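Okay, structure first, notes after.
The numbers here are math on the coordinates, done by the rules we state, and not lab data. Here the structure is a predicted model, which means the values were calculated and not measured. Cβ placement follows ideal geometry from the backbone for every residue including glycine, while neighbour counts extend to all protein chains displayed.
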Amino acid sequence: MTESSNLRFNPLRTMPNLLTISRVCLAPFLISAIFERRFQLSFILFVVAGLTDALDGGLARILKQRTVLGQYLDPVADKLLLSTLFLVLTHMNLIPTRVTVLVFGRDLGILVVAALLYAAAGRREFNPTFFGKASTVAQVIAVGLVLLLQFDDARWVVLSRGLALNATIVLTVASGLHYAWLVTRRSTPHSGPAADGSGH
């Protein structure tokens, strides 16, 4: 009974985490399809990866299978996939270098700050903000449209790609500045009982 109980509650065997792992496993096939210029296939794989991202969060809530592993694994899987795609598409001159530099610069800055907060105050949580989530959404849409444009040059695709890349730039800068503001606010000493009641 103990053995079956362990299998049941093994976080690696929950459906949301399996979906997240499957998204990581899709990455090599997606990247390979892009390098081989099989853009229709790469677009389909990217959409499938996006669906697994949408499903894992919903299933975690519905099935009550939220795990600590999932809380760390999901954003890491997303960032790994997106970062790799930005690098590959920039290497192939399909995404402007400045966009990728901004995306990586912001992510590196957040990573360094999170590490410093953990080292200085033992603070593990560094919750995503509205701007951070909006920036990620813009990045996903931009990558999808860049892939779509390679086999469908309809006017709406061309215009949407440009808008999505511009939105990625604006939201990446905005989210970076917002994170910086949050860090300075959290690191500033507060007096009074309200200092610990923000819930952030």
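Here are some notes:
- Exposure proxy order (Cβ contacts within 10 Å, fewest to most) of I95, I44, I34, I169: I44, I169, I95, I34
- Cβ-based exposure ranking for F131, F29, in which fewest neighbours within 10 Å come first: F29, F131
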